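Novice: Encoded as structure tokens, here's the structure I'll be asking about.
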Amino acid sequence: MVGRGACAAAAIPYFVDVHRPSSETSSRRASARRELALAAKLTPRVGVIVAVCAAALAIDGFALVWRARPAGADSTPSAHAARTCGPTSLLPRRANVQLIARITLCLINRQRAAHGLAPLHANGPLSRAARGHSQDMVARGYFSHYTPEGASPFARILRAGYTARRRACAMGENIAAGTGPLSTPASIVRMWMNSPGHRENILSPAYRDTGVGVAFGYPGARGRGATYTEDFGAHC
């Protein structure tokens, strides 16, 4: 049962989640190795970096993070960002999820600009992958980078067509879900920026493209809150 103002988030760069149980981690890593082998065939001479995934869980606004927050990591969307990105505290509804996604991307690009980074460009295949994953998590009541069948972000992004015309040299993903005031774009971006793994994805200079997908509903409690996925990528 989801309480008022609950949220959760997880981040995965390069598709290795070390916070799984050991047996599941082994199977996921084996799956990731198979997918990376496929990617190597599709994208020759491209090295893939394996990084540690950080996950965060927040209840009523209190975050429990797997790794300590670095100094100065408290990054709240600024008043300037709020003025230029629209209603950043807008509560998600079934009819406004596309607007919520646009506001979220605007806030993310404001964070990148504040750190001297180029904006991420909205990408069709990444947006389809992100939107589809958010909708699937709500519809089937799970919260994970992996589908119940074991498909990873890497597989989902490939299936959406991100590498149809050009090779990809970097990919990653953030996910989050919240209810009540913790489901707004401002709250989700604040939570991501205050969690090392999510922040690392958002502020990575390796990424150039992104897609934000928002589904109305919280996994296991359809019709309440919202579930967010942001997929990241860069073509070589």
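The values are calculated or read from the model by the stated rules, or taken from the named source; none is laboratory data. Owing to the predicted nature of the structure, the values given are computational and were not obtained by experimental measurement. Every residue, glycine among them, receives a Cβ derived from its backbone with ideal geometry; neighbour counts consider all protein chains shown. Accessible surface is based on the protein model in full, side chains and every heavy atom, while ligands, DNA and RNA are left aside. Shrake-Rupley method; radii C 1.70, N 1.55, O 1.52, S 1.80 Å.
Novice: For region 83-99, which residues satisfy the criterion of being assigned to a helix (DSSP H, G or I) and either touching a Phe, Trp or Tyr at 6+ places or on another chain (Cβ under 6 Å) or surrounded by 15 or more Cβ atoms within 10 Å (Cβ to Cβ) (or both)?
Specialist: Matches in region 83-99: C85, R94, N96, V97, L99.
Novice: To continue, here is another question. Identify the single condition in (1) open to solvent by less than 60 Å² (accessible area, probe 1.4 Å); (2) closer than 17 Å to E200 by Cβ that Y142 does not satisfy, given that it satisfies every other one.
Specialist: Every listed condition holds for Y142 apart from (2).
Novice: Moving to a separate point now. Filter region 105-161 down to the residues that are of a type in the set (F, W, Y) and closer than 22 Å to S183 by Cα and list them by number.
Specialist: Correct list: Y142, F143, Y146.
Novice: Another one. Is it the case that some residue within region 155-168 is open to solvent by less than 20 Å² (accessible area, probe 1.4 Å), farther than 20 Å from T227 by Cβ, aromatic (F, W, Y) and in contact (Cβ under 8 Å) with a residue 12 or more places away in the chain?
Specialist: Yes, there is a match, as at least one residue in region 155-168 is open to solvent by less than 20 Å² (accessible area, probe 1.4 Å), farther than 20 Å from T227 by Cβ, aromatic (F, W, Y) and in contact (Cβ under 8 Å) with a residue 12 or more places away in the chain.
Novice: Applying the selection to region 99-125, what residues are over 16 Å from the mean Cα position of the chain (by Cα) and in contact (Cβ under 8 Å) with a residue 12 or more places away in the chain?
Specialist: L99, R110, A114, H115, L117, A118
Yes/no matrix, rows are residues, columns are (1) open to solvent by 20 Å² or more (accessible area, probe 1.4 Å); (2) touching a Pro at 6+ places or on another chain (Cβ under 6 Å); (3) not hydrophobic (A, V, I, L, M, F, W, C):
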position: T179; (1), (2), (3): no, no, yes
position: T184; (1), (2), (3): no, no, yes
position: R190; (1), (2), (3): yes, no, yes
position: N194; (1), (2), (3): yes, no, yes
position: A215; (1), (2), (3): no, no, no
